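Reading through the C-alpha coordinates given below for one structure.
The values are calculated or read from the model by the stated rules, or taken from the named source; none is laboratory data. Just so it is clear, the structure is predicted and the values come from calculations on it, not from any experiment. Here the Cβ is made from the backbone with ideal geometry for all residues, glycine too, and neighbour counts use every protein chain on show. Quick note on the areas: whole protein, heavy atoms, side chains included, nothing else; ligands and nucleic acids left out. Shrake-Rupley method; radii C 1.70, N 1.55, O 1.52, S 1.80 Å.
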Amino acid sequence: MAKPRLHPDVAEVLLTERRIHRRIATLAREIAKCYSDKEVTIITVLNGSMVFLGELLHRLPMPTRLDSIVARSYGARTTSSGRVRTRCQWQLSLKDKHVLLVDDILDTGQTLKMIRDRLRRECPASLRTCVLLNKPTRREVDLQPDFVGFNIPDKFVVGYGLDFAERYRNLPCIAVLKPEIYRA
Ligand code: XMP
(Lines give C-alpha, C1' and ligand atoms only; values in the text may rest on other atoms or scores of the structure.)
Protein backbone atom coordinates (compact mmCIF):
# COMPACT_ATOMS: atom_id res chain seq x y z
CA MET A 1 0.00 0.00 0.00
CA ALA A 2 1.25 3.51 -0.81
CA LYS A 3 2.49 5.51 2.19
CA PRO A 4 0.15 8.44 3.02
CA ARG A 5 1.74 11.76 1.97
CA LEU A 6 3.04 13.91 4.80
CA HIS A 7 1.40 17.32 5.16
CA PRO A 8 3.90 19.93 3.87
CA ASP A 9 3.83 21.86 7.19
CA VAL A 10 4.75 18.79 9.26
CA ALA A 11 8.35 18.41 10.48
CA GLU A 12 7.92 15.16 12.40
CA VAL A 13 5.23 12.55 13.04
CA LEU A 14 5.30 11.53 16.71
CA LEU A 15 2.40 9.06 16.61
CA THR A 16 0.84 7.45 13.58
CA GLU A 17 -2.91 6.95 13.24
CA ARG A 18 -2.44 3.17 13.49
CA ARG A 19 -0.50 3.48 16.73
CA ILE A 20 -3.05 5.89 18.21
CA HIS A 21 -5.96 3.61 17.36
CA ARG A 22 -4.24 0.56 18.84
CA ARG A 23 -3.55 2.43 22.07
CA ILE A 24 -7.11 3.79 22.30
CA ALA A 25 -8.47 0.25 21.99
CA THR A 26 -6.30 -0.79 24.95
CA LEU A 27 -7.24 2.34 26.88
CA ALA A 28 -10.93 1.53 26.39
CA ARG A 29 -10.33 -1.92 27.90
CA GLU A 30 -8.52 -0.35 30.89
CA ILE A 31 -11.45 2.04 31.44
CA ALA A 32 -14.03 -0.74 31.03
CA LYS A 33 -12.18 -2.87 33.61
CA CYS A 34 -12.13 0.02 36.09
CA TYR A 35 -15.85 0.78 35.88
CA SER A 36 -17.15 -2.72 35.14
CA ASP A 37 -20.84 -2.27 34.18
CA LYS A 38 -21.40 0.96 36.14
CA GLU A 39 -22.82 3.90 34.19
CA VAL A 40 -20.19 6.54 33.41
CA THR A 41 -20.86 10.22 32.75
CA ILE A 42 -18.22 11.49 30.36
CA ILE A 43 -17.41 15.20 30.37
CA THR A 44 -15.22 15.98 27.39
CA VAL A 45 -13.18 19.14 26.95
CA LEU A 46 -13.78 20.63 23.48
CA ASN A 47 -12.56 21.28 20.90
CA GLY A 48 -9.32 19.33 21.10
CA SER A 49 -10.65 16.05 22.47
CA MET A 50 -13.44 15.45 19.93
CA VAL A 51 -11.45 13.12 17.63
CA PHE A 52 -10.03 11.16 20.56
CA LEU A 53 -13.43 10.88 22.21
CA GLY A 54 -15.06 9.70 18.98
CA GLU A 55 -12.61 6.83 18.74
CA LEU A 56 -12.81 5.99 22.45
CA LEU A 57 -16.55 6.26 22.99
CA HIS A 58 -17.70 3.53 20.63
CA ARG A 59 -15.24 1.12 22.25
CA LEU A 60 -16.65 1.55 25.77
CA PRO A 61 -19.04 -1.28 26.61
CA MET A 62 -20.66 0.17 29.77
CA PRO A 63 -23.67 2.54 29.78
CA THR A 64 -22.50 6.13 29.24
CA ARG A 65 -23.87 9.66 29.30
CA LEU A 66 -22.02 12.40 27.45
CA ASP A 67 -21.64 16.10 28.04
CA SER A 68 -18.99 18.70 27.22
CA ILE A 69 -17.27 21.88 28.23
CA VAL A 70 -15.32 24.30 26.00
CA ALA A 71 -11.96 25.50 27.33
CA ARG A 72 -9.30 27.72 25.79
CA SER A 73 -5.84 28.74 27.02
CA TYR A 74 -3.62 28.80 23.91
CA GLY A 75 -5.17 30.66 20.91
CA ALA A 76 -2.60 31.18 18.13
CA ARG A 77 0.37 30.43 20.40
CA THR A 78 2.31 27.39 21.49
CA THR A 79 2.49 28.32 25.15
CA SER A 80 -0.43 28.58 27.52
CA SER A 81 -1.73 32.07 28.23
CA GLY A 82 -2.01 30.86 31.82
CA ARG A 83 -5.63 32.02 31.85
CA VAL A 84 -8.00 29.14 31.20
CA ARG A 85 -11.28 30.35 29.74
CA THR A 86 -14.33 28.14 29.65
CA ARG A 87 -17.29 29.04 27.48
CA CYS A 88 -19.82 26.27 27.85
CA GLN A 89 -21.04 24.65 30.98
CA TRP A 90 -22.08 20.99 31.12
CA GLN A 91 -25.83 20.38 31.42
CA LEU A 92 -26.13 16.94 33.05
CA SER A 93 -26.49 16.47 36.78
CA LEU A 94 -23.28 14.94 38.18
CA LYS A 95 -24.34 14.33 41.77
CA ASP A 96 -23.65 10.72 42.81
CA LYS A 97 -22.54 9.86 39.25
CA HIS A 98 -19.30 8.24 38.13
CA VAL A 99 -17.70 11.04 36.14
CA LEU A 100 -14.86 10.61 33.65
CA LEU A 101 -13.24 13.84 32.46
CA VAL A 102 -11.73 13.36 28.99
CA ASP A 103 -9.21 15.79 27.45
CA ASP A 104 -6.80 15.74 24.54
CA ILE A 105 -3.57 16.70 26.30
CA LEU A 106 -2.29 17.34 29.78
CA ASP A 107 0.42 19.99 29.62
CA THR A 108 0.85 22.35 32.58
CA GLY A 109 -2.29 20.78 34.06
CA GLN A 110 -3.95 24.16 34.73
CA THR A 111 -6.94 23.46 32.47
CA LEU A 112 -7.78 20.02 33.76
CA LYS A 113 -7.24 20.99 37.38
CA MET A 114 -9.55 23.98 37.09
CA ILE A 115 -12.27 21.87 35.44
CA ARG A 116 -11.76 18.96 37.83
CA ASP A 117 -12.10 21.26 40.85
CA ARG A 118 -15.35 22.64 39.44
CA LEU A 119 -16.73 19.15 38.77
CA ARG A 120 -15.79 18.06 42.29
CA ARG A 121 -18.14 20.65 43.74
CA GLU A 122 -21.04 18.76 42.09
CA CYS A 123 -20.41 15.83 44.50
CA PRO A 124 -19.98 12.99 41.97
CA ALA A 125 -19.71 9.41 43.26
CA SER A 126 -16.27 9.27 41.64
CA LEU A 127 -14.20 11.55 39.41
CA ARG A 128 -11.43 10.29 37.15
CA THR A 129 -9.43 11.86 34.34
CA CYS A 130 -8.41 10.47 30.97
CA VAL A 131 -6.06 12.15 28.48
CA LEU A 132 -4.77 10.99 25.12
CA LEU A 133 -1.42 12.77 25.57
CA ASN A 134 0.57 13.65 28.65
CA LYS A 135 3.61 15.93 28.86
CA PRO A 136 4.82 15.01 32.36
CA THR A 137 7.82 17.36 32.31
CA ARG A 138 5.59 20.42 31.89
CA ARG A 139 3.38 19.95 34.95
CA GLU A 140 2.76 23.02 37.13
CA VAL A 141 0.03 21.60 39.35
CA ASP A 142 -0.46 18.44 41.35
CA LEU A 143 -2.51 16.27 38.98
CA GLN A 144 -1.96 12.66 37.99
CA PRO A 145 -4.34 11.49 35.24
CA ASP A 146 -6.02 8.13 35.87
CA PHE A 147 -5.84 7.03 32.23
CA VAL A 148 -3.14 8.13 29.76
CA GLY A 149 -2.79 7.26 26.09
CA PHE A 150 0.82 8.34 25.57
CA ASN A 151 3.50 10.23 27.46
CA ILE A 152 5.16 12.60 25.00
CA PRO A 153 8.16 14.96 25.14
CA ASP A 154 7.84 18.71 25.60
CA LYS A 155 6.97 19.60 22.01
CA PHE A 156 3.94 21.52 20.76
CA VAL A 157 1.93 18.95 18.83
CA VAL A 158 -1.00 19.10 16.41
CA GLY A 159 -3.33 16.67 14.69
CA TYR A 160 -5.89 14.11 15.79
CA GLY A 161 -8.07 16.98 17.06
CA LEU A 162 -5.26 19.20 18.37
CA ASP A 163 -4.75 22.54 16.68
CA PHE A 164 -2.42 25.42 16.11
CA ALA A 165 -4.53 28.57 15.65
CA GLU A 166 -7.55 26.27 14.95
CA ARG A 167 -5.75 24.52 12.04
CA TYR A 168 -4.40 20.98 11.61
CA ARG A 169 -7.10 19.30 13.75
CA ASN A 170 -7.86 17.04 10.78
CA LEU A 171 -4.38 15.50 10.53
CA PRO A 172 -4.81 11.78 11.23
CA CYS A 173 -1.54 11.57 13.22
CA ILE A 174 0.07 13.49 16.10
CA ALA A 175 2.78 15.68 14.62
CA VAL A 176 5.18 18.56 15.22
CA LEU A 177 5.02 21.41 12.71
CA LYS A 178 7.99 23.05 11.01
CA PRO A 179 9.35 25.93 13.17
CA GLU A 180 8.49 28.55 10.52
CA ILE A 181 4.79 27.63 10.77
CA TYR A 182 4.75 28.31 14.53
CA ARG A 183 6.64 31.60 13.91
CA ALA A 184 4.30 32.83 11.17
P1 XMP B 1 -2.65 22.92 30.15
O2 XMP B 1 -1.32 23.63 30.04
O3 XMP B 1 -3.66 23.74 30.88
O4 XMP B 1 -3.10 22.80 28.65
O5 XMP B 1 -2.49 21.52 30.70
C6 XMP B 1 -4.18 22.09 28.30
C7 XMP B 1 -4.75 22.56 27.00
O8 XMP B 1 -3.80 23.32 26.23
C9 XMP B 1 -3.79 22.90 24.90
N10 XMP B 1 -2.45 22.33 24.61
C11 XMP B 1 -2.04 21.99 23.41
N12 XMP B 1 -2.67 22.05 22.24
N13 XMP B 1 -0.78 21.12 21.20
C14 XMP B 1 -2.03 21.61 21.13
O15 XMP B 1 -2.60 21.64 20.04
C16 XMP B 1 -0.06 21.02 22.35
O17 XMP B 1 1.08 20.55 22.36
C18 XMP B 1 -0.73 21.49 23.51
N19 XMP B 1 -0.38 21.56 24.80
C20 XMP B 1 -1.47 22.07 25.45
C21 XMP B 1 -4.88 21.86 24.79
O22 XMP B 1 -6.05 22.49 24.32
C23 XMP B 1 -5.11 21.36 26.18
O24 XMP B 1 -6.42 20.96 26.44
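Against the conditions (1) modelled with pLDDT under 95; (2) open to solvent by less than 50 Å² (accessible area, probe 1.4 Å); (3) assigned to a loop (DSSP other than H, G, I, E, B); (4) not small (Gly, Ala, Ser), MET1 satisfies every one except (2).
If you filter the range 155-167 down to residues that are modelled with pLDDT of 95 or more and more than 8 Å from the ligand (Cβ to nearest atom), you find that the one that is farthest from ILE31 (Cα to Cα) is ARG167. Within the range 144-154, the only residue that satisfies the criterion of being crowded, with 18+ Cβ neighbours inside 10 Å and within 10 Å of the ligand (Cβ to nearest atom) is ILE152.
Listed conditions (1) at pLDDT 95 or above; (2) under 17 Å from the mean Cα position of the chain (by Cα) are all met by TRP90, apart from (1).
Under the condition of being surrounded by fewer than 18 Cβ atoms within 10 Å (Cβ to Cβ) and more than 20 Å from GLY54 (Cβ to Cβ), which residue from the range 92-109 is farthest from the ligand (Cβ to nearest atom)?
As a first pass, look at the range 92-109 and keep what is surrounded by fewer than 18 Cβ atoms within 10 Å (Cβ to Cβ): 92-93, 95-96.
Now narrow it down to the ones that are more than 20 Å from GLY54 (Cβ to Cβ): 93, 95-96.
Values: SER93: 25, LYS95: 26, ASP96: 27 Å.
Ranking the candidates gives ASP96 first.
Scanning the range 131-143 for residues that are modelled with pLDDT of 95 or more and open to solvent by 40 Å² or more (accessible area, probe 1.4 Å) turns up nothing. When restricted to residues that are more than 13 Å from the chain's Cα centre (by Cα) and without any contact (Cβ under 8 Å) to a residue 40 or more places away in the chain, the range 119-147 contains 16. State yes or no: is ASP9 among the acidic types (Asp, Glu), open to solvent by 30 Å² or more (accessible area, probe 1.4 Å) and at pLDDT below 95? No: the conditions fail for ASP9. Checked against (1) open to solvent by less than 20 Å² (accessible area, probe 1.4 Å); (2) out of contact with any Ser or Thr (no Cβ under 8 Å at 6 or more places or on another chain); (3) under 24 Å from LEU14 (Cα atoms), LEU112 meets all criteria but (2).
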